[in-house]
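Novice: Have a look at the structure that comes next, please.
The values are calculated or read from the model by the stated rules, or taken from the named source; none is laboratory data. Fair warning: this is a prediction, and the values are worked out from it, not measured in the lab. Cβ placement follows ideal geometry from the backbone for every residue including glycine, while neighbour counts extend to all protein chains displayed.
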Amino acid sequence: MKSLSGKVEVGLLKTSENSKVLKIADLVTSTVLSNSGIPGANAAYDFAKLGIDSVRKYLVERQDAKIVEFHKAMIGGDNDGIDESILESVIDVADYHALLDACLADIEMEKNGMYGRLAKSIASGDVKKHLKRHYILSLKELTWDQIDLLARLYILTKYSIKPENGPGTQQVNQVIDSAKHGTIERLDITALTSRGFVYGSEITDLCEPFLSAVLPEENMTPEAFDLEEWTGHRFTIIELCNEQHETRDLTKVIDQYFRDMGIQGGSGPMEGALDRTDLGTFSSFFIIIYPNGKTIPDTRKDNLLRITKNKHALQVIMCATDREIPNPIAELPHVVALPEATQQTLKSVDQKLSEIMTGSKKAYHPKD
């Protein structure tokens, strides 16, 4: 951040010894606001009546920037404007000074805004009274990396996050338990445990309100950590092949295609799975892949139709050439897959599913 040394003045309300609370609007002079990039600050508020002597000793270049960031986070609203709703709130003098002093003493510049946001959360009443002291001390003692880790653990708890490979979801206990003793990762987990945010292999109820008090809302989403979320939709691929691995390559391509959209599937079950009545119970749709000319017993065909009666299903018939006439196994929608035409097959699958599924693309393209 550009240095504002010599230009920024921070005013603290001159209070009597009996005063226990400060009004947020009386904590920051118009000079701070005008130099902080908040539009219309001078015109909206004038804090010239407030004294600045009590904090002038802090106004060195680094502390100057810290103070500005602290107060911007404390009174800031959307689009770099002022959150006028907070200006009428009050904060205990002790809490305000504890947070500002901790901010100034903290060697991590990344945490400046966290102290201001916590001050705002306390003043607005978003932090319960019995938790505010614990949260102030926790913010002071935890490093930026440890708070970042806690936010990541929270994301893994709240959202269904895709693993780097394969099906399933990333789990909090995997992150916590994988941290080896004698490493920074284990020290970070230990620090979070000592502050009551982690217990065993999971986070506690103290975690979410603390993070909400110190982090912007956009920093508590999967996107903030470059994590991808499963949409909640699932599909089942049924592979019907005459020879081992005959359909495997196409299955992997289709599985990856839907995985990239956040739809869980996985390598499909083989023909014997059609003997089960519970196949794909939690699936949104089915894809049945087989080479043209494949046949199955009537009992399995009947069960396939029963399983897909209340689910959307698409047959992908593998043909050797475009002159080959596809012969569907069942009376269900189908597309043709030709050798060396993978992208066209994916396009056909996409278009056909969009036609047959309720709500067009939104039935399985929830992000569109």
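Novice: If you check every pair at least six apart or on different chains, which have Cβ atoms under 8 Å apart with a residue in region 267-289 that is under 22 Å from SER354 (Cβ atoms) first and a residue that is among the charged types (D, E, K, R) and in a loop (DSSP other than H, G, I, E, B) second?
Specialist: That search, which allows pairs on different chains as well, returns GLY280/LYS311; SER283/LYS311; SER284/LYS311; PHE285/LYS311; PHE286/LYS311.
Novice: Looking at region 156-197, which of the residues that are under 19 Å from GLN264 (Cα atoms) and among the charged types (D, E, K, R) is modelled with the highest pLDDT?
Specialist: LYS158
Novice: Further, regarding this structure: Could we say that GLU355 is at pLDDT below 90, under 37 Å from the mean Cα position of the chain (by Cα) and not in a strand (DSSP E or B) here?
Specialist: Values: at pLDDT below 90: yes; under 37 Å from the mean Cα position of the chain (by Cα): yes; not in a strand (DSSP E or B): yes.
Yes: the conditions hold for GLU355.
Novice: Just the residues that are farther than 22 Å from ILE307 by Cα and buried (at least 19 other Cβ atoms within 10 Å of the Cβ), please, taken from region 231-258.
Specialist: Across region 231-258, the qualifying residue is only LEU250.
Novice: All but one of (1) buried (at least 17 other Cβ atoms within 10 Å of the Cβ); (2) under 15 Å from LEU211 (Cα atoms); (3) not assigned by TED's automatic domain parsing to the domain that holds MET220 hold for TYR154; which doesn't?
Specialist: Every condition holds for TYR154 apart from (3).
Novice: Kindly indicate whether ASP205 is of a type in the set (D, E, K, R), not in a helix (DSSP H, G or I) and not assigned by TED's automatic domain parsing to the domain that holds PRO269.
Specialist: yes
Novice: Oh, and also: Pick out the one residue from ILE184, ILE237 that is farther than 30 Å from MET74 by Cβ and touching a helix residue (DSSP H, G or I) at 6+ places or on another chain (Cβ under 6 Å).
Specialist: From the options ILE184, ILE237, the qualifying one is ILE237.
Novice: Sticking with this one: What is the one condition in (1) in contact with a strand residue (DSSP E or B) (Cβ under 8 Å, 6 or more places away or on another chain); (2) among the β-branched types (Val, Ile, Thr); (3) not assigned by TED's automatic domain parsing to the domain that holds ALA65 that ILE122 does not satisfy?
Specialist: Of the numbered conditions (1) in contact with a strand residue (DSSP E or B) (Cβ under 8 Å, 6 or more places away or on another chain); (2) among the β-branched types (Val, Ile, Thr); (3) not assigned by TED's automatic domain parsing to the domain that holds ALA65, the odd one out for ILE122 is (3).
Novice: Counting only residues that are in a loop (DSSP other than H, G, I, E, B) and in contact (Cβ under 8 Å) with a residue 12 or more places away in the chain, which one in region 169-199 is surrounded by the most Cβ atoms within 10 Å (Cβ to Cβ)?
Specialist: PHE197
Novice: Okay, next question. Filter region 291-331 for residues that are under 38 Å from the mean Cα position of the chain (by Cα) and in a loop (DSSP other than H, G, I, E, B); which is surrounded by the most Cβ atoms within 10 Å (Cβ to Cβ)?
Specialist: THR308
Novice: Assuming GLU218 fulfils every condition listed in (1) free of Cβ contacts under 8 Å to residues at least 12 places away in the same chain; (2) touching a helix residue (DSSP H, G or I) at 6+ places or on another chain (Cβ under 7 Å); (3) closer than 30 Å to GLY280 by Cα apart from one, which condition is it?
Specialist: (3)
Novice: Can you say whether GLU218 is acidic (Asp, Glu), assigned by TED's automatic domain parsing to the domain that holds LEU149, at pLDDT below 95 and part of a helix (DSSP H, G or I), as far as the supplied structure shows?
Specialist: Considered against the rule, which asks whether it is acidic (Asp, Glu), assigned by TED's automatic domain parsing to the domain that holds LEU149, at pLDDT below 95 and part of a helix (DSSP H, G or I), GLU218 comes out as yes.
Novice: Criterion first (of a type outside the set (D, E, K, R) and touching a helix residue (DSSP H, G or I) at 6+ places or on another chain (Cβ under 9 Å)) does ILE325 satisfy it? Even if it seems obvious, please write down each step before you answer.
Specialist: Values: of a type outside the set (D, E, K, R): yes; touching a helix residue (DSSP H, G or I) at 6+ places or on another chain (Cβ under 9 Å): no.
Spelling it out, it is not the case that ILE325 is of a type outside the set (D, E, K, R) and touching a helix residue (DSSP H, G or I) at 6+ places or on another chain (Cβ under 9 Å).
Novice: Same structure, new question: Tell me which residues, restricted to region 255-290, are under 29 Å from the mean Cα position of the chain (by Cα), part of a helix (DSSP H, G or I) and farther than 18 Å from VAL335 by Cβ.
Specialist: The answer is ARG259, and nothing else.
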